[in-house]
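Below: the structure, in structure tokens.
The values are calculated or read from the model by the stated rules, or taken from the named source; none is laboratory data. What you are looking at is a predicted structure, and each value in this text was computed from that prediction instead of being measured. When we count neighbours, we look across all protein chains shown, and the Cβ atoms used for this are built from the backbone with ideal geometry, even at glycine.
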Amino acid sequence: MPKINLKLTFMFSIIIFTACVTVNIYFPAAEVRQAAEEIAKDVRGQEPSQDPADTGAGEPQSFLNLIGTAYAQQELAISNATIRQIKARMKARYTQLAPFLKQGVLGESAKGLLVIRDTSSINLKARAEVKRQVSAENSDRMALYSAVSKALKISGSELARVQEIFAREWQKTAPKGTWIEPGSGKWEQR
């Protein structure tokens, strides 16, 4: 009989121990979204929009509130040498990609990558150039997503979530005429 009680006690202890162990995984979605918004607007040469809700416009601001807001904005800015280099390459490339986005040749996928949609309106030389530019852009975007994840200490297993957040920002900042994929497999022209 004591053997059974010992086994039951051991099994009960294991169950209690595993039930008490919880894994709290925090995904900083707000920080990723803010970084994605700032990066997308910077790459595309757009001014960052100032949301009245973020600034408390219309409300009296105390000195401490202003300092707190400035500190929070500084803390959320994601940048390091790698991210700055990637952004610079993407910004330089955007001037070449923008006309093809506007024409509907390229689209912004739900995975945060560029997709070649319709090349019938461009000649063979332009098609080759578009293919080369899209390949370079997508390579830089994946490197950017990894660098932002690393800067925010996000696990590599969460890279798809980072891509989805960036995808929404790329789509928001895309020029009119660009094909976007707001939902997986569903395309619409902006």
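Which residues, counting only those in segment 133-157, are polar (S, T, N, Q) and more than 14 Å from E108 (Cβ to Cβ)?
Q133, S135, S139, S146, S149, S155, S157
If only one of Q73, Q46, Q85, Q50 is surrounded by fewer than 16 Cβ atoms within 10 Å (Cβ to Cβ) and modelled with pLDDT of 95 or more, which one is it? Lay out the reasoning, then the answer.
Working: Q73 fails: modelled with pLDDT of 95 or more; Q46 fails: modelled with pLDDT of 95 or more; Q50 fails: modelled with pLDDT of 95 or more.
Exactly one of Q73, Q46, Q85, Q50 is surrounded by fewer than 16 Cβ atoms within 10 Å (Cβ to Cβ) and modelled with pLDDT of 95 or more, namely Q85.
Could you run through segment 170-190 and say how many residues are closer than 13 Å to S109 by Cβ, under 18 Å from the mean Cα position of the chain (by Cα) and crowded, with 17+ Cβ neighbours inside 10 Å?
5
Which one is nearest to P28 (Cα to Cα), of the residues in segment 80-103 that are among the hydroxyl-bearing types (S, T, Y) and in contact (Cβ under 8 Å) with a residue 24 or more places away in the chain? So that I can check it myself, show each step before the final result.
Within segment 80-103, the subset among the hydroxyl-bearing types (S, T, Y) is 82, 94-95.
Subset that is in contact (Cβ under 8 Å) with a residue 24 or more places away in the chain: 82, 94.
Values: T82: 20, Y94: 28 Å.
The residue in question is T82.
Please tell me if G185 is on the phi > 0 side of the Ramachandran plot and modelled with pLDDT of 95 or more.
Values: on the phi > 0 side of the Ramachandran plot: yes; modelled with pLDDT of 95 or more: no.
The answer is no for G185.
Between a first residue in segment 152-166 that is closer than 19 Å to L113 by Cβ and free of Cβ contacts under 8 Å to residues at least 12 places away in the same chain and a second residue that is crowded, with 16+ Cβ neighbours inside 10 Å and not β-branched (V, I, T), which pairs have beta carbons less than 8 Å apart while being 6 or more apart in sequence or on different chains?
From segment 152-166, the pairs are G156/S146; G156/S149.
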